[in-house]
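S.K.: Encoded as structure tokens, here's the structure I'll be asking about.
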Amino acid sequence: MALNRLTREVESNREIYQSFLQQTQGSEIEQALQRSVAEFKFKIVEPAIKPIKPVSPDRVKMMLMAIVVGAMIGGGLIFLLEFMDHSFKNIEDVEKHLNLPVLGTIPKIEIPAKG
């Protein structure tokens, strides 16, 4: 009776050991696979080389780009302000849009410069 019980325990322990051994082998295979995938994930196309002289920005190119971008922004702002300005510029605009005759205007008074 005791021999049968001990034999069953030994067989049970062997099965548990075999299960753990298979799990360990499976995890080792998985780790090896992950390492091989990580090695092929990044590939060195060309090794890095140390520059001979320091790199500095191209000042002429940057100045030209700043002038062009500034002119574009300025032109766009002028266009936007003119587009949003709905005021009347002369007598013809008033008569055209309001369909009313102009009875009188206020002249622009220019102050002479001192000197």
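S.K.: Tell me, please, whether a residue that is of a type in the set (Val, Ile, Thr) and surrounded by 10 or more Cβ atoms within 10 Å (Cβ to Cβ) can be found in the range 76-93. Spell out the reasoning first.
M.R.: To start, the set of residues in the range 76-93 that are of a type in the set (Val, Ile, Thr) comprises 78, 91.
Of the ones still in play, those that are also surrounded by 10 or more Cβ atoms within 10 Å (Cβ to Cβ) are 78, 91.
Yes, the range 76-93 has at least one match.
S.K.: Can residue 39 be described as in a helix (DSSP H, G or I), at pLDDT 90 or above and exposed (fewer than 10 other Cβ atoms within 10 Å of the Cβ)?
M.R.: no
S.K.: Picking from 89, 61, 50, which residue would you name as being closer than 30 Å to residue 106 by Cα and either within 32 Å of the chain's Cα centre (by Cα) or in a loop (DSSP other than H, G, I, E, B) (or both)?
M.R.: Unique residue meeting the criteria: 89.
S.K.: Another question about this same structure. Is it the case, given these coordinates, that residue 32 is at pLDDT below 85, out of contact with any Pro (no Cβ under 6 Å at 6 or more places or on another chain) and surrounded by 10 or more Cβ atoms within 10 Å (Cβ to Cβ)?
M.R.: Details: at pLDDT below 85: yes; out of contact with any Pro (no Cβ under 6 Å at 6 or more places or on another chain): yes; surrounded by 10 or more Cβ atoms within 10 Å (Cβ to Cβ): yes.
Taking the combined requirement at face value, the residue satisfies it.
The values are calculated or read from the model by the stated rules, or taken from the named source; none is laboratory data. Treat the numbers as computed from the prediction; the structure is a model and nothing was measured. All Cβ positions, even for glycine, are placed from backbone atoms using ideal geometry, and neighbour counts span all protein chains on display.
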